[in-house]
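Visitor: Supplied in structure tokens, the structure appears directly below.
The values are calculated or read from the model by the stated rules, or taken from the named source; none is laboratory data. These numbers were taken from a predicted model, which means no experiment stands behind them. Note: ideal-geometry Cβ built from the backbone for every residue, glycine included; neighbour counts use all protein chains shown.
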Amino acid sequence: MRDAAVGYASRGIPVLPLHHPLPHHSDLQPLTGDQQLPSPVVRTSCSCRDPGCGQPAKHPLGSLVPHGVKDATTNRARVLAWWTRHPQANIGLATGHLFDVLDVDGPTGAQAIRTLAAAHGLASSGPLVRTGGGGWHFYLAPTGLGNVHPAGLEQVDWRGRGGYVVAPPSRHASGHPYQWLAGRTLDTPPGTVPSVLLERLQPQQLRRPTGPDQLPTAADGSGDRYARAALAEELARVAAAPVGERNRQLWESTRNLYNLGATGALDQREVDQGLVAAAERCGLLDEEPRQTRRTLASGRQVGLAHPGRPAYPTSPEPTHAPPSLRTVGEPAKERG
């Protein structure tokens, strides 16, 4: 376990120690006559020794990481110290950094994913783990989203910013190991998140418009419909912005929406609340609160100074690339 934990940390993946299964054997009846020795019945419990544990062999070792996944690290010395002290500890990998994980639980979750894949012609790619509980962990490109439940997919969860997953060779409470599938280890780049899945991950108010009725063109004359579609589109962009691009996207979306707000097409209070929620969704508000507030203020100032439709298209496929140089008032590139 220690070597595996160090190996993950050396890849730049923050790790944390988790509780592990604590096996105990059932009492066996004494043998009589020619009876053969039966196989012992093995049950497991969590090393936390709480009989009511709701996450056996999956929750953080509080004595080492009192703040849970927030204490995850890539520091080799600290990781060595943790697993030297608790050599049987399971390994947790923090998500939302180098990858997000689609957590598929058991037959019900697997069927939900198979149905979705068949309906949309999706193919699996990227690292893949068979969990000790019989489920699957699909390692996919980070989205900037947190831990959410994909709409309409039973027994399926998304582990993103602020989350973690149990990693091989950890053992499930059943005693079975987590295992990488052959050819689908971390040497494989994370898979691309299909747009149909991304839509299911975003809350209703942040989902991107998908049909022509939801995203009117600039020439159709329906100002209110255009503004509402632009609001949903820009908030979705902020919520799903990847690390390193979040500040820029937040500024551009803020400017675009306040271009419209200055004309009265959108309620400015609703715009502000939506942008704050989207910045929180992608993790920016939590990680860089001061910078985020400055970005919002700057984008708002520039947007209100230029009433009208946004300077750049709000559709997912812009007709020209954004400028390579910073616009006046735009914040510096996001740290990290």
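Visitor: Given Arg246, Arg225, which one is modelled with pLDDT under 85, out of contact with any His (no Cβ under 9 Å at 6 or more places or on another chain) and charged (D, E, K, R)?
Guide: After ruling out the rest, the residue left standing is Arg225.
Visitor: Still on this structure: I'd like to know if segment 303-315 contains one or more residues that are modelled with pLDDT of 85 or more, of a type in the set (A, V, I, L, M, F, W, C) and surrounded by 16 or more Cβ atoms within 10 Å (Cβ to Cβ).
Guide: No, segment 303-315 contains no residue that is modelled with pLDDT of 85 or more, of a type in the set (A, V, I, L, M, F, W, C) and surrounded by 16 or more Cβ atoms within 10 Å (Cβ to Cβ).
Visitor: Whether any residue in segment 113-130 is free of Cβ contacts under 8 Å to residues at least 40 places away in the same chain and surrounded by 15 or more Cβ atoms within 10 Å (Cβ to Cβ) is what I want to check.
Guide: yes
Visitor: Related question: Just for segment 158-175: of the residues that are crowded, with 17+ Cβ neighbours inside 10 Å and closer than 21 Å to Ala240 by Cα, which one is nearest to the chain's Cα centre (by Cα)?
Guide: Ranking the qualifying residues of segment 158-175, first place goes to Gly160.
Visitor: Follow-up. Being in contact (Cβ under 8 Å) with a residue 60 or more places away in the chain and closer than 20 Å to Val6 by Cα is the filter here, so list the residues in segment 135-171 that pass it.
Guide: Within segment 135-171, Gly163, Tyr164, Val165, Val166, Ala167, Pro168, Pro169, Ser170, Arg171 qualify.
Visitor: Please determine whether any residue of segment 232-240 is surrounded by fewer than 19 Cβ atoms within 10 Å (Cβ to Cβ) and either within 30 Å of Asp286 (Cβ to Cβ) or at pLDDT 85 or above (or both).
Guide: Within segment 232-240, none of the residues are surrounded by fewer than 19 Cβ atoms within 10 Å (Cβ to Cβ) and either within 30 Å of Asp286 (Cβ to Cβ) or at pLDDT 85 or above (or both).
Visitor: Moving on to the next point. Out of the residues in segment 108-131 that are within 17 Å of Val165 (Cα to Cα) and assigned to a loop (DSSP other than H, G, I, E, B), which is modelled with the lowest pLDDT?
Guide: At the first step, the residues of segment 108-131 found to be within 17 Å of Val165 (Cα to Cα) are 109, 126-131.
Now narrow it down to the ones that are assigned to a loop (DSSP other than H, G, I, E, B): 126-127, 131.
Working: Gly126: 92, Pro127: 96, Thr131: 95.
So, considering only residues that are within 17 Å of Val165 (Cα to Cα) and assigned to a loop (DSSP other than H, G, I, E, B), the one modelled with the lowest pLDDT is Gly126.
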